[in-house]
Amino acid sequence: MEKLPINDFMWNFYKEQGITFTDSEQATIIWNSDLPKSEILNGLREIFSATTDEALKAQIQKRFDIEAEMERNFTQNDERYFFIFVPDDDDEWESCYFASVDAAVAHGIVHSKETFKILKAPFSDKFGDCHADEDSEKIYIGGEACYTKDGVLLDCECYTEEISISFSHPDPSCYEDAYIPLQSPFEIGDIVRMAGDSRPAIVQVSKEEWLRDLERNSSGVREIPPSYDKTRRTV
């Protein structure tokens, strides 16, 4: 990856300040970016190939294993599931149903304009009357995958029958959940533009307050990710 997924303004600010990111921090930025999943994984592969951080390599390999397992779970079918082709425009009337993911993808290659989705869903009569077994905390498998016009898998999300209903807190020692104390080049009163929004905004937090927030977010055990929302307001 030639450049981290950071906008040019901030990228130039970091260069001017001599701020660099470790391999683990680069992985954090890539993983939490809004890039397509395929580009995120390619970026992680580049870091995996170049880094000497063995702990980071183990964490990235775990992510690769998870992604591979999700793909296997999504594509496997023991006749209890069916696959739904969803066209580019999400027109449910144009959706088609298939017994295998290969047949659904083959249909998508012919009938899609750009990318297309394939959904995996269970036959209700194959699982009895309930969606979950309260004793074993099992739910049936399902998922969604996105493909290119040529049928190349871009992203795949699914859950297994044995997924736990319990929730776990983020692990700040892992690049996926790590907190990076990003710096702010702005002073209170600066007029800026919100990401993804053409309207102007006014920065309402001074650099001193920003640094205090960074220190507070960096200390102690966090149960939820820190928020930057209080640093600006649209006008």
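For the range 136-161, the set of residues classified as part of a loop (DSSP other than H, G, I, E, B) and modelled with pLDDT under 55 consists of Ser136, Glu137, listed by residue number.
Leu35: closer than 21 Å to Asp171 by Cα, of a type in the set (A, V, I, L, M), within 18 Å of the chain's Cα centre (by Cα) and surrounded by 15 or more Cβ atoms within 10 Å (Cβ to Cβ), yes or no? No: the conditions fail for Leu35. Just to be sure before I move on: is Phe13 over 27 Å from Tyr159 (Cα atoms) and of a type outside the set (A, V, I, L, M) in the structure I sent? In short, yes. Scan the range 6-19 and give yes if some residue there is modelled with pLDDT under 90, in a helix (DSSP H, G or I) and over 23 Å from the mean Cα position of the chain (by Cα), otherwise no. Yes; the residues of the range 6-19 include at least one that is modelled with pLDDT under 90, in a helix (DSSP H, G or I) and over 23 Å from the mean Cα position of the chain (by Cα).
With the structure loaded, tell me whether Ser38 is outside any helix (DSSP H, G or I) and closer than 30 Å to Leu182 by Cβ or whether it fails that test. When the stated conditions are applied, Ser38 does not pass them.
Here Phe64 fulfils each of the conditions (1) more than 18 Å from the chain's Cα centre (by Cα); (2) touching a residue at least 12 places away in the same chain (Cβ under 8 Å); (3) surrounded by fewer than 15 Cβ atoms within 10 Å (Cβ to Cβ); (4) in a helix (DSSP H, G or I) apart from (1).
The values are calculated or read from the model by the stated rules, or taken from the named source; none is laboratory data. All of these numbers come straight from a predicted model, not from anything done at the bench. In this analysis, Cβ positions are derived from the backbone assuming ideal geometry, glycine residues included, and neighbour counts consider all displayed protein chains.
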